[in-house]
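Here's the structure we're looking at; comments come further down.
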Amino acid sequence: MALPTDLQSALDTELRRFPNQELSRAVDRLSTRYREGRAATTPIMNSDSDVAAYAGYRMPATYAAVRAVLDEVATFAPEFSPKSHVDVGGGTGTALWAAAGTWSTLTELTVVEQVEKALALGRKLAASAKSPALRSATWRRGVIDPKTPLPAADLVTLSYVLGELPEAMRSRTVAWLAASGAMVVLIEPGTPAGYSRIAEARAQLLDMGRSLVAPCPHEHACPIPRGSDWCHFSARLPRVGAHRLIKEGTLNFEDEKFSYVAASTVPLSRAENRILRHPLKRKGLVSLQLCSNDGALSETTVTKRHGPLYRAARDTTWGSPWPPLS
Ligand SMILES: C[S@@+](CC[C@H](N)C(=O)[O-])C[C@H]1O[C@@H](n2cnc3c(N)ncnc32)[C@H](O)[C@@H]1O
């Protein structure tokens, strides 16, 4: 799941304005801060180099995660053709690019973000987008404020933001987003803490009468025992251009782990089962760990005797619906 070429080249151009050492120092500082996982009382990104470093090292990864999630939503909601999208805490606009990649129907894109420098870079990157919707996006400075209604939108996203909010703000924020979006999509890092925030938001969205679209194949209580396991998925992305230099890694790819929930005001189809782990492939058989539509966790083994289903099991991946959609 690579960045779109127009975004990649705009990002490389912007990053070339900074000495590599300055970006690497900012990346170190930001990644240490994000690993701490505590809520932020003041914005974590402060300077131009912070914002550029965030864009360089996190946009490719958050794009891969958000795009994977939105593509999954589109698969289960083929009739959902959003025109408007509001992304809250949108930083440099990653989720806008992902949404525009998933739905060509989008015409009104809005980012709400507290850091002016992030908005400025996001606006600059979007100015070279091929998509007219991205080029005409609205970049609005604002803080999450559940007392002020968000503009209504077909799609509302909150990507890698819940964890930065004080705990007391999280459920009010979820209610605020759900009040304005027909489809609400929340994405968090694929860590136990990120999953825990998603699990709480999932329960809240169900209490509010929302219908789950993905990843859950059911609306029962989440069967994953919190504390010992967590529901998360993975998106592989290439490390290219400035991203590779900043990461100073030897690998030419990375795997971004994420947890998510997508919920709609109207009931839509869902997966029959969701694959929760890398399928275990042995000679003549494939074992799948599943979350099933009866609300339970299960394991199934598909063997050569299952014919076409076995071939599908050989090809399937962690996070996919099972059986595959025809
Ligand atoms: C980890 S970054 C994620 C950026 C982007 N959503 C992404 O997926 O790449 C978190 C963003 O949320 C913004 N943010 C955090 N708390 C906020 C608040 N109370 N109001 C508005 N933006 C906020 C931060 O400034 C930052 O840009």
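Below, the figures for the structure above:
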read-out: Spans of strands (runs of 3 or more DSSP E) in segment 251-326 with at least 2 residues closer than 24 Å to TYR160 by Cβ; value: 253-264, 273-275
read-out: Helices (runs of 4 or more DSSP H) contained in segment 105-199 and holding at least 3 residues basic (Lys, Arg) and at negative phi; value: 116-127
read-out: Filter result for LEU121 (within 14 Å of the ligand (Cβ to nearest atom), over 15 Å from the mean Cα position of the chain (by Cα) and open to solvent by less than 10 Å² (accessible area, probe 1.4 Å)); value: no
read-out: Pairs, first of a type in the set (Lys, Arg) in segment 204-231, second open to solvent by less than 80 Å² (accessible area, probe 1.4 Å) and part of a strand (DSSP E or B), C-beta under 9 Å, six or more apart; value: ARG210/VAL184; ARG210/ALA263; ARG210/SER264
read-out: Qualifying residues in segment 88-103 (those that are closer than 18 Å to LEU150 by Cα and in a helix (DSSP H, G or I)) - the one farthest from the ligand (Cβ to nearest atom); value: LEU96
read-out: Single residue of ALA313, ALA296 found to be modelled with pLDDT of 95 or more, more than 12 Å from PRO215 (Cβ to Cβ) and in contact with a Phe, Trp or Tyr (Cβ under 9 Å, 6 or more places away or on another chain); value: ALA313
read-out: Of the criteria (1) closer than 19 Å to LEU3 by Cα; (2) within 13 Å of the chain's Cα centre (by Cα), which one THR92 fails; value: (2)
read-out: Count of residues meeting criterion [free of Cβ contacts under 8 Å to residues at least 12 places away in the same chain, part of a loop (DSSP other than H, G, I, E, B) and within 26 Å of TYR195 (Cβ to Cβ)] in segment 1-40; value: 1
read-out: In segment 151-168, the residues that are surrounded by 15 or more Cβ atoms within 10 Å (Cβ to Cβ), away from the ligand (no atom under 12 Å from the Cβ) and among the charged types (D, E, K, R); value: ASP154
read-out: Any hit, segment 225-233, residues being among the hydroxyl-bearing types (Ser, Thr, Tyr), within 13 Å of the ligand (Cβ to nearest atom), assigned by TED's automatic domain parsing to the domain that holds ILE44 and more than 30 Å from LEU15 (Cα to Cα); value: no
read-out: Matching option when the condition is buried (at least 18 other Cβ atoms within 10 Å of the Cβ), aliphatic (A, V, I, L, M) and not assigned by TED's automatic domain parsing to the domain that holds ALA64, among LEU212, LEU297, LEU290; value: LEU290
read-out: The one condition in (1) under 19 Å from ARG67 (Cβ atoms); (2) aromatic (Phe, Trp, Tyr); (3) within 15 Å of the ligand (Cβ to nearest atom) that TRP139 fails to fulfil; value: (1)
read-out: Residue check for ALA221: outside any loop (DSSP other than H, G, I, E, B), modelled with pLDDT of 95 or more and either open to solvent by 20 Å² or more (accessible area, probe 1.4 Å) or not assigned by TED's automatic domain parsing to the domain that holds ALA179 (or both); value: no
read-out: Condition check for SER131: open to solvent by less than 40 Å² (accessible area, probe 1.4 Å), in contact with a strand residue (DSSP E or B) (Cβ under 8 Å, 6 or more places away or on another chain) and more than 16 Å from the ligand (Cβ to nearest atom); value: no
read-out: Residue among THR148, THR138, THR107 that is surrounded by fewer than 20 Cβ atoms within 10 Å (Cβ to Cβ), of a type in the set (Val, Ile, Thr) and farther than 25 Å from ARG210 by Cβ; value: THR138
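Residues checked against (1) aliphatic (A, V, I, L, M); (2) over 24 Å from HIS220 (Cβ atoms); (3) touching a residue at least 40 places away in the same chain (Cβ under 8 Å):
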position	(1), (2), (3)
GLY142	no, yes, no
PRO146	no, yes, no
PRO151	no, yes, yes
TYR160	no, yes, yes
ARG172	no, yes, no
ALA178	yes, no, yes
MET183	yes, no, yes
ILE187	yes, no, yes
ARG202	no, no, yes
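The values are calculated or read from the model by the stated rules, or taken from the named source; none is laboratory data. Keep in mind the model is a prediction, meaning the values are calculated, not measured. Cβ sites come from the backbone with ideal geometry, for glycine too, and all protein chains shown count toward neighbours. With ligands, DNA and RNA removed, areas are computed over all heavy atoms of the protein, side chains included. Shrake-Rupley method; radii C 1.70, N 1.55, O 1.52, S 1.80 Å.
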